[in-house]
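Reading through the structure tokens given below for one structure.
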Amino acid sequence: RRTAAQYEEYKKSTEYQLKNKIIPVAIISVMAACIIYVIFLFGHNFIYEPLRANSLYKEGYALLEAGAYPQSEIKFDKALEYQQQKRWFFTYADGYRRHKQYERARMMYRAGLQRFNQDKGLGLAYAEMELYDLRNFENAETVVRREVLDYHINDSDGLLLLGDIFLEWGDERDESKYEQAKEVYD
């Protein structure tokens, strides 16, 4: 217990200033700075980077549609620095495929397969391009076996595509492939 005069004297002391003014303000300031930092990181990682990446992907795809293929690759690579999005790998690969830029499409499929843990859809689309667009049966078989079936063992879609490859191969070049198609389908 203190008298009013003693209490007024205590309020002027360093101990009182530390306990009641400096330490609480410092704690609140540190907590506010931490909250602001977390909000900044959240906004940067989950708002800014995806929006910036999407913007760059769209710009690059517009360049692809206009026939400026090297510039579209540059935009795509720049967008990858912000965020990797599997759907854009599909989109670019299909765009290059439609524009008959098969080497660029191959590059997109391979890069997507490496980045997205041998994604089955990318592998199947890549093999379909090799089969139907390029009629390169050997590469199509290799892609299905190495990029799809090695990672998705006994996958029905991969096996059906492999059978289709052998059927097409047998129709055009080597009739012995019909037996392999039958084995795969069985």
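The values are calculated or read from the model by the stated rules, or taken from the named source; none is laboratory data. Fair warning: this is a prediction, and the values are worked out from it, not measured in the lab. Here the Cβ positions follow ideal geometry from the backbone for every residue, glycine too, while neighbour counts run over all protein chains shown. The area values use the complete protein model at the heavy-atom level, side chains included, leaving out ligands, DNA and RNA. Shrake-Rupley method; radii C 1.70, N 1.55, O 1.52, S 1.80 Å.
Quick look at the numbers
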{"read-out": "Point-charge dipole on Cβ atoms (K/R +1, D/E -1) for the chain, about Cα centre, debye to 20", "value": "2020"}
{"read-out": "Segment 84-106 versus segment 114-168: alpha-carbon centroid distance in Å", "value": "16"}
{"read-out": "Note, ³J(HN,Hα) from phi for segment 160-165, Karplus 6.51, -1.76, 1.60, rounded to Hz, x at Gly and Pro", "value": "5, 5, 4, x, 4, 4"}
{"read-out": "Per-residue [θ]222 nm for the chain (sum of -39500 (n - 2.57) over DSSP H runs n ≥ 4, rounded to 500)", "value": "-22000 deg cm²/dmol"}
{"read-out": "Relative contact order, percent, segment 22-139 [alpha-carbon distance under 8 Å, six or more residues apart]", "value": "15"}
{"read-out": "Longest site-free stretch - the chain; sites: trypsin sites (Lys or Arg not before Pro), DSSP loop, at most 15 other Cβ within 10 Å", "value": "13-99"}
{"read-out": "5 Å-binned pair-distance histogram of the chain (Cα, whole percent)", "value": "1, 7, 12, 12, 11, 9, 8, 6, 5, 4, 3, 3, 3, 3, 3, 3, 3, 2, 1, 1, 1, 0"}
{"read-out": "Under 19 Å from Lys86, Cα to Cα: lysines that are on another chain or at least 8 residues apart", "value": "Lys58, Lys75, Lys78, Lys120"}
{"read-out": "Solvent-accessible area per residue, Å², over the chain with all protein chains present [probe radius 1.4 Å]", "value": "63"}
{"read-out": "In segment 80-186, GluC sites (Glu not before Pro) in a DSSP loop with at most 10 other beta-carbon atoms within 10 Å", "value": "Glu175"}
{"read-out": "All aspartates and glutamates inside 16 Å of Lys100 as judged from Cα atoms, apart from same-chain residues fewer than 8 positions distant", "value": "Glu65, Glu73, Glu128, Glu130, Asp133"}
{"read-out": "Separation of the Lys78 and Gln114 label points, Cα + 7 Å toward Cβ, nm", "value": "2.2"}
{"read-out": "Theoretical FRET efficiency, 1/(1+(r/R0)^6), r = Cβ-Cβ of Leu51 and Arg98, R0 35 Å, to 0.05", "value": "0.85"}
{"read-out": "Surface accessible to a 1.4 Å probe, Ser29 within the full protein complex, Å²", "value": "60"}
{"read-out": "Signed unit charges on C-beta, dipole axis of the chain, positive-most listed residue Leu134, Ala181, Tyr57", "value": "Tyr57"}
{"read-out": "Charge dipole magnitude, Cβ of K and R +1, D and E -1 - segment 120-183, Cα centre, debye nearest 20", "value": "160"}
{"read-out": "Asp157 paired with Ser29, simple spin-label distance in nm, labels 7 Å along Cα-to-beta-carbon", "value": "5.7"}
